[in-house]
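The values are calculated or read from the model by the stated rules, or taken from the named source; none is laboratory data. This one's a predicted model, so the numbers in the text were calculated from it and none came from an experiment. Heads up, the Cβs are rebuilt from the backbone with ideal geometry, glycines too, and the neighbour counts pull from every protein chain shown. Ligands, DNA and RNA are stripped out before the accessible areas are found, and what is left, the full protein with its side chains, is counted by its heavy atoms. Shrake-Rupley method; radii C 1.70, N 1.55, O 1.52, S 1.80 Å.
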Amino acid sequence: MKAVTWQGKRDVRVENVPDPEIQEPTDAVIRVTSTGLCGSDLHLYEVLTPFMTPGDILGHEPIGIVEEVGAGVPDLQAGDRVVVPFQIACGNCWMCLNALQTQCETTQVTGENMGAALFGYTRLYGSVPGAQAEYLRVPQAQYGPIKVPEGPPDDRFLYLSDVLPTAWQAVAYADVPQGGSVAVLGLGPIGDMCCRVAQVRGAGRVFGVDLVPERLRRARERGVETYDLRSFHNEKELVAAIRDETDGRGPDAVIDAVGTEAHGSAAAKLVQQASGMLPRMIGGPLAERFSVDRLAALHTAIELVRRGGTISLTGVYGGMADPLPMLTLFDKQIQLRMGQANVRRWSDDIIPYLTDEDPLGVEDFATHRVPLSDAPHAYDMFQRKQDGAVKVLMEP
């Protein structure tokens, strides 16, 4: 089969690889009909290269048709249409039963001291072959795949794999009061969807911050009050502008949908780039122990949120040596919540919104659809924020 493989920093290629097969009774194999390119994939493309191995198959946002199931998968059969969550969870352990599927005790990557295994996402999360491919082996298929009806286009349901539950959890963790206010930093796919989810869940005012014109326009067209970073000389001006709209206090909640690749902190960027250029035997351990993030977005969130408010982190951070302003966090009595989305915790809540009325705008959410063979160009375009790329879907 053809699959998108990682070969080095900013180097992905479509190659022929062996077809996946049933290896355990709880496996399934699906034929992928659409698969997403996620902002998290760009971290592998740029920042997290010390944890990658040439030949790793990328991707974690698939929808497709079941081709084969193992004997331990009673509720799926060939021909079923399914969305596959990005994390691999068993559904039976203590963590899964307590709606913490990203901490699944059956698939935890204990050798790396990490949580549940993820599709297509570094050795830290199990080096599981990913979903930017023609076919995908799905472990723990007795629990993970979400059956969806035939008929509507893939776009209606595909985002259940990652974008929708990630945004839903981010808003839930932000604990925005009914009629309250929330600021979303970063209007890429996750930030954009966070704004939409916040609106349907009853937020009174939603502020969106970015510096890419197309992203600002998309959010503004859906009623988000947008702020262009390029219009401010510094962070304090931005914070003051939004505070002026919230009785001088700041919003009730802030969602950081940017993560480690925020603009700012040239020194942290230099450290990230240096570890990525070192040989893997050196760069990997260096990144594990001394990695730092570019914390511009998080620092803005801490400054912006009102006293007693909540910050929800959904942008990916990976640093082990990040300096945080603990005095400010403590003094402002800020609540801080974060983590990978627990997909199956939220999927039943989300599905009622995936109707013909499409209140979340999923059917026109993608800006680009390309064949799998165009993956190298798609990665480059998305990383450079060119051609209005906000969400890219690939079709094998």
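List of remarks:
- Unmet requirement for Asp356, which otherwise passes all of (1) more than 22 Å from Leu42 (Cα to Cα); (2) at pLDDT 95 or above: (2)
- Across the stretch 344-394, the number of residues qualifying as assigned to a helix (DSSP H, G or I), among the basic types (Lys, Arg) and touching a strand residue (DSSP E or B) at 6+ places or on another chain (Cβ under 9 Å) comes to 1.
- Of the residues making up the stretch 77-114, those that are assigned to a loop (DSSP other than H, G, I, E, B), touching a strand residue (DSSP E or B) at 6+ places or on another chain (Cβ under 9 Å) and closer than 28 Å to Glu150 by Cβ number 8.
- Failed condition for Met114, given (1) in contact with a Leu (Cβ under 8 Å, 6 or more places away or on another chain); (2) open to solvent by 10 Å² or more (accessible area, probe 1.4 Å); (3) at pLDDT 95 or above: (3)
- Residue match in the stretch 286-307 (condition: at pLDDT 95 or above, assigned to a loop (DSSP other than H, G, I, E, B) and open to solvent by 20 Å² or more (accessible area, probe 1.4 Å)): yes
- Residue match in the stretch 41-48 (condition: surrounded by 22 or more Cβ atoms within 10 Å (Cβ to Cβ) and within 22 Å of Asp154 (Cα to Cα)): yes
- Looking across Glu225, Glu235, one residue alone is out of contact with any Cys (no Cβ under 9 Å at 6 or more places or on another chain), modelled with pLDDT of 95 or more and among the acidic types (Asp, Glu). It is Glu225.
- Residues that are open to solvent by 10 Å² or more (accessible area, probe 1.4 Å), of a type outside the set (S, T, N, Q) and in contact (Cβ under 8 Å) with a residue 24 or more places away in the chain, drawn from the stretch 374-395: Pro376, Asp380, Lys385, Gly388, Glu395
- The set of residues in the stretch 50-80 being touching a helix residue (DSSP H, G or I) at 6+ places or on another chain (Cβ under 8 Å) and open to solvent by less than 20 Å² (accessible area, probe 1.4 Å) consists of Pro50, Phe51, Met52, Leu58, Gly59, His60, Glu61, Pro62, Ile63.
- Subset of the stretch 220-235 (residues that are free of Cβ contacts under 8 Å to residues at least 24 places away in the same chain and either surrounded by 12 or more Cβ atoms within 10 Å (Cβ to Cβ) or basic (Lys, Arg) (or both)): Arg220, Glu225, Tyr227, Asp228, Arg230, Phe232
- Taken together, the residues in the stretch 187-205 that are open to solvent by 10 Å² or more (accessible area, probe 1.4 Å) and without any contact (Cβ under 8 Å) to a residue 60 or more places away in the chain amount to 6.
- Among the residues making up the stretch 16-33, those that are in contact with a Gly (Cβ under 8 Å, 6 or more places away or on another chain) and part of a strand (DSSP E or B) are Ala28, Ile30, Arg31, Val32, Thr33.
- Test: residue in the stretch 41-51 that is closer than 30 Å to Gly8 by Cα, assigned to a strand (DSSP E or B) and in contact with a strand residue (DSSP E or B) (Cβ under 9 Å, 6 or more places away or on another chain): no
- Residue check, Ser161 out of contact with any Leu (no Cβ under 6 Å at 6 or more places or on another chain), of a type in the set (Gly, Ala, Ser) and open to solvent by 10 Å² or more (accessible area, probe 1.4 Å): no
- Taking residues in the stretch 147-162 that are farther than 12 Å from Gly36 by Cβ, and partners anywhere that are modelled with pLDDT of 95 or more and of a type in the set (Phe, Trp, Tyr), the pairs with Cβ atoms closer than 8 Å and at least 6 places apart or on different chains are Val148/Phe157.
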